[in-house]
Amino acid sequence: MLRRHPAPFHAAGPVAHEAVMDPVEAQGRAIIAAALIVRGAVEVPSMPSRSQQLPDEAGVRLRELTEYVYRLVTTDHPGEPE
């Protein structure tokens, strides 16, 4: 039996207020975020729901640490974590 894979997702264009990210940068950030979760540096963020008004605290922390580590490995002066 042949299995068909779903068609790849292609966004129609950038969403309002969303920065376009290079695929290599996106992959690097995803790897960093996964490593932070696996090593227990942050808790696993919950998926946002339509009724959720405030950002998930764990998600915000994961984004901050991912950004910090990404800057650490890609620049000479990464700054301090927030």
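Some notes on this structure:
- Of all residues in the range 61-82 being at pLDDT 75 or above and not in a helix (DSSP H, G or I), the one that is surrounded by the most Cβ atoms within 10 Å (Cβ to Cβ): THR75
- Within the range 24-48, residues that are without any contact (Cβ under 8 Å) to a residue 24 or more places away in the chain sit with their Cβ atoms under 7 Å from residues that are surrounded by 11 or more Cβ atoms within 10 Å (Cβ to Cβ) and part of a loop (DSSP other than H, G, I, E, B), at 6+ positions apart or across chains, in these pairs: PRO45/ASP56; SER46/ASP56; PRO48/ASP56.
- Qualifying residue in the range 9-21 (condition: modelled with pLDDT of 70 or more and assigned to a helix (DSSP H, G or I)): no
- The residues listed here are ALA33, ALA58, ALA41; of these, the one that is surrounded by 12 or more Cβ atoms within 10 Å (Cβ to Cβ), at pLDDT 85 or above, part of a loop (DSSP other than H, G, I, E, B) and of a type in the set (A, V, I, L, M, F, W, C) is ALA41.
The values are calculated or read from the model by the stated rules, or taken from the named source; none is laboratory data. Source: prediction; values computed, not measured. Using ideal geometry, Cβ is built from the backbone for each residue, glycine included, and neighbour counts are taken over all protein chains shown.
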